[in-house]
Amino acid sequence: MREKPEAGLLRIPYSGEGEEVIYRTEEYYEGQVWDIKKHNEKICFCVGGMDRPSNYVDVINDPDWKEKIEEEKRHTFIKAYDYTIDNGETKLLFEPRQNNEGFYLFFDTYGFLNESGTLELYRYDGEKAPVPETQFWRIYPSSHDIIGWDKEKREGIKVSEETGKVLNQSPLTWEDFNLQCVIGANYYGFVGKQLAYISEEDFWGGNKNGIIILPGQNDE
């Protein structure tokens, strides 16, 4: 085992021949590459890890677990790269930042969600985008727009990447349908502990009867 893992991103043709290393690093402890997203003939991806080995935090028995988790965050860093498919150029989007904020990649922008619920947005060319007019509790992967929960009402909300304006709001709360991922017009999440589905129309219309518990699950 390496003290610091090798992490990276590969480009492999469907033929299986001509594998290309787009990016590799051994910079961090617990290092990894994740959240690979295609946009405008480019591929954006996150790189992160720690500047020292991680320490186990016992959140059940340790009375100081919150402080120790915050200490772990102070040693955890994140950065992102943009890879141009045509010419193979890889560009650093921003210098490493402490991973004490939620980081998200969208189609036209990327953003940092701070503790207040404010989403700080940037376009991939580095230009600062309008700050969304609402505060988020959580944000989930989506193939279009910014979708998450309104921090105050805990209801579903959709915000434009371009303007920061609210495009749609759902009367459904995270307790009604715990959204996890949006793919096109298909919304996936949980009801209790059960995996479930709801259509785009029913989610934004607040139709609880449109929630479908996916088969092959038990009540445990």
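We did not get these values from a lab; they are worked out from the coordinates using the rules stated. The shown structure was predicted, so the numbers you read here are calculated from the model rather than taken from an experiment. No Cβ is skipped: glycine too gets one built from the backbone with ideal geometry, and neighbour counts run over all protein chains shown.
Would you kindly state the longest site-free stretch of the chain, with sites defined as trypsin sites (Lys or Arg not before Pro) in a DSSP loop (not H, G, I, E, B) surrounded by at most 10 other Cβ atoms within 10 Å?
3-192
Using +1 at the C-beta of Lys and Arg and -1 at the C-beta of Asp and Glu, which of 109, 207, 22 has the Cα lying farthest in the positive direction of the dipole of the chain?
207
To the nearest 10 degrees, how steeply does helix 65-74 sit against the main Cα axis of the chain, on a 0 to 90 scale?
Tilt relative to the chain: about 50 degrees.
Cross-link partners among lysines for residue 208, C-alpha distance below 30 Å, same-chain residues fewer than 8 apart left out?
By straight Cα distance, residue 208 reaches 151, 153, 158, 165, 193.
So which lysines pass the test for residue 79, namely a Cα distance under 25 Å, with those fewer than 8 places away in the same chain ruled out?
4, 37, 38, 42, 66, 68, 91, 128
Given 10 Å bins starting at zero, what is the percent of C-alpha pairs of the stretch 103-209 in each, up to the one with the largest pair distance?
Once binned at 10 Å, the Cα pair distances of the stretch 103-209 give 16, 50, 29, 6, 0.
How many percent of the alpha carbon pairs in the stretch 1-159 exceed a separation of 24 Å? All intermediate terms of the calculation are to be shown ahead of the outcome.
Details: 5630 of 12561 pairs.
Value for the stretch 1-159: 45 percent of Cα pairs lie more than 24 Å apart.
Check each of the GluC sites (Glu not before Pro) in the stretch 65-161 and keep only those in coil by DSSP with at most 13 other C-beta atoms within 10 angstrom; list them in order.
89, 115, 127, 133, 152
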